[in-house]
Amino acid sequence: MKHPYRLGNGAIVDVQDAQASVAAAQADEVDMANTLQERVVQLESIVGRSTGELARLAPGKALPEVYPLQASVWAHQQESMALTQESSSVRLHVLIRIR
């Protein structure tokens, strides 16, 4: 959007700053869309199926805060849950064989 400016130098600089801000915002939007697409592909890989259209939060609703914030605690909890699930599965197989 190039127009001959008949304004003072300060106004020209302000317009150029605004144009640069718009361009940066547009670049950020493209970057965020790409990141979202990458995350959707990762999610689909984890769950083993297409997610389709993801649901949106209802207006005024927010996701609960994740606690604790350390990924290592979540990883440990997941390992513990997996071990518990595995031991339950083993017990079930043992009970089936005993009967």
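The values are calculated or read from the model by the stated rules, or taken from the named source; none is laboratory data. What you see is a predicted model, and the numbers here were worked out from it, not measured in a lab. Glycine gets a Cβ as well: all are built from the backbone with ideal geometry, and neighbour counts include every protein chain shown.
Which residues, taken from the stretch 31-80, are surrounded by 10 or more Cβ atoms within 10 Å (Cβ to Cβ) and either in contact with a strand residue (DSSP E or B) (Cβ under 6 Å, 6 or more places away or on another chain) or among the β-branched types (Val, Ile, Thr) (or both)? THR35, VAL40, VAL41, THR51, VAL73 - these are the residues of the stretch 31-80 that are surrounded by 10 or more Cβ atoms within 10 Å (Cβ to Cβ) and either in contact with a strand residue (DSSP E or B) (Cβ under 6 Å, 6 or more places away or on another chain) or among the β-branched types (Val, Ile, Thr) (or both). A search for C-beta distances below 8 Å between a residue of the stretch 43-58 that is modelled with pLDDT of 85 or more and any residue that is surrounded by fewer than 10 Cβ atoms within 10 Å (Cβ to Cβ), counting only pairs 6+ apart in sequence or on different chains, returns GLU44/SER50.
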